Amino acid sequence: MRKFNIMLCESNPAVVSNATSFFAEDAFFTLFSCTRYDDYAQQYTHQIDAVIVDSDFPNTKEVLSALYPGCKAILTSTRLQDNLPSYINEAPVDCRFFKPYSLADLRNSLLTLLNAGAAQVRLYQNKNIDERLSNIFIRAGIPPHIKGYQFLREAVKLSVSYPDMINCITKKLYPTVATTFNTSPSKVERAIRHAIEVAWNRGKIENINSIFGIKIYGKGEKPTNGELIALVADKIMIESNSSN
């Protein structure tokens, strides 16, 4: 089966860059992107399966009105639906994302719309995943009110949905989390490190041993960002596979 061709119509270069990095070497999708309508018209010679268009992209109306039959449309926007032009609200859009959005969530919506990778969709959309992550982090001594807690949860979700990302923490994982929370990759890295240090100072990091049922960390051992993310993501994937 051929890979699905996805067109990203986005005028923000940073969003385009992060999306391009995220979808690089994806097993299901080939991402084409453009920041201007002229570029869109030139590239739209491929068989496009889905178009992701921002409400502020130049000529959004033309993009939405010229979709091939069967092509799925996802609208992204920083504006609420009530503040969008009527032609956008009346357009045949299959899904909407309010910025900032998670690229992992976007990918799963594409998988669902195009009926691809059903197993991965079920895994990531498991209703209990947030509760399970919360239990793990709280038992490990990471309080939910600090930024690192939210960043860690998103990082694990991304690693569950896209396992290869754990091998590209600096180039892919941190930038993708940063896009979701409208911050910088360096702040994501520091916040996650701070969250682990908080757990370390509370003396609860060793609770990870009881969570996993085996001795992973001895007294005085502190995991790195990547180690903790990979460890928790692996546990979630194993549990999800065993429950399917």
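Here are a few things to note about the model shown:
- Gyration tensor verdict on segment 148-210 (Cα atoms; rounded if a/c is under 1.5, prolate if a/b is larger than b/c, oblate otherwise): oblate
- Sequence-distant contacts, meaning Cα pairs under 8 Å at least 6 residues apart, place the relative contact order of segment 4-121 at 23 percent.
- Each other residue within a Cβ distance under 12 Å of G70 adds +1 if Lys or Arg and -1 if Asp or Glu, for a net charge of -1.
- Scanning residues 5 or more positions from C95 or on other chains, those with amide H under 5 Å from its amide H are A73, L75, with H placed 1.01 Å from N in the peptide plane.
- The alpha carbon centroids of segment 55-105 and segment 147-204 are separated by 29 Å.
- Estimated FRET transfer efficiency (A24, N167; beta-carbon r; R0 22 Å; 0.05): 0.95
- Extending 7 Å from Cα along the Cβ direction at D56 and again at E221 yields two label points whose distance is 4.8 nm.
- On the basis of the beta-carbon distance and an R0 of 30 Å, I138 and N89 show a calculated FRET efficiency of 0.15.
- When each of K99/K222; K147/K171; K157/K222; K61/K187; K3/K187 is checked by Cα-Cα distance, pairs over 32 Å: K99/K222; K61/K187; K3/K187
Since every read-out is calculated from the coordinates, none of them should be taken as a lab result. Computed from a predicted model, the values in this text were never measured in an experiment. Glycine gets a Cβ as well: all are built from the backbone with ideal geometry, and neighbour counts include every protein chain shown.
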